[in-house]
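Here, each number is a calculation from the coordinates, and none is a lab measurement. What you see is a predicted model; the values in this text were computed from it and never measured. Cβ placement follows ideal geometry from the backbone for every residue including glycine, while neighbour counts extend to all protein chains displayed.
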Amino acid sequence: MTTERADAARNRAVLIATAREMLAEVGADKITMDALAERSGLGRGTVFRRFKTRPGIFMALLDDGERAFQERVLSGPPPLGPGAEPLDRLVAFGRARLGFLRENREIARAAFDGRTPVPFGPPTTMTRLHIGTLLHQAGVAADLDILAMQLNAALDVPVLLYAAPECDGRDDEGFEERLASGWADLVHRLTR
């Protein structure tokens, strides 16, 4: 593992913070490589080296958010973090993951440039491992690798990116709650 130079780490932090500010103020559509360079006070070359493409900005924002999410899962308070029963953690994990994906939907849409096979990048190994571990701890007797992969798919980003909650006349948050309730139901049925 290579260690990031101190100046590169500072630049990354400045660019991520600036991109988040711009996202809140003007939305994803207005964030460009040039606008990010100007707003951050860093050179255009620095921005291009760091992100390579405009979708790279959003992939970096997702990666940054994913790290924070994983920290909550690994060491946050129960039931999401350690200390709760495995099934309670699994339900809490699904609810938190769906919330995370909903909160980052605009970023994920901007990260998807048609060349990226999955808008959030490759499936997270951490998510599948975490689900598999909780299933094992709950005593589920099955092919846990496959089951974890299938459950991970239920929490996958395309559901939230492309499912249209407004098509049934319900609001976005109601849709998220329905997905979270469906996740809890799925976990409880699976582990009976």
Inset, instruction - Using θ = phi - 60° and the Karplus relation 6.51 cos²θ - 1.76 cosθ + 1.60, list the HN-Hα couplings for segment 53-58 in order, rounded to whole Hz, with x at every Gly or Pro. - result: 9, 4, x, x, 4, 6
Legend entry - Sparsely packed GluC sites (Glu not before Pro) within segment 1-46, loop by DSSP, other Cβ within 10 Å at most 13: GLU4
Legend entry - Size of electric dipole in segment 8-155: Cβ of Lys, Arg +1 and of Asp, Glu -1, about Cα centre, debye, nearest 20: 460 debye
Legend entry - For segment 45-94, with +1 on Lys and Arg beta carbons and -1 on Asp and Glu, the positive-most of PRO55, GLY94, PHE69 along the dipole: PRO55
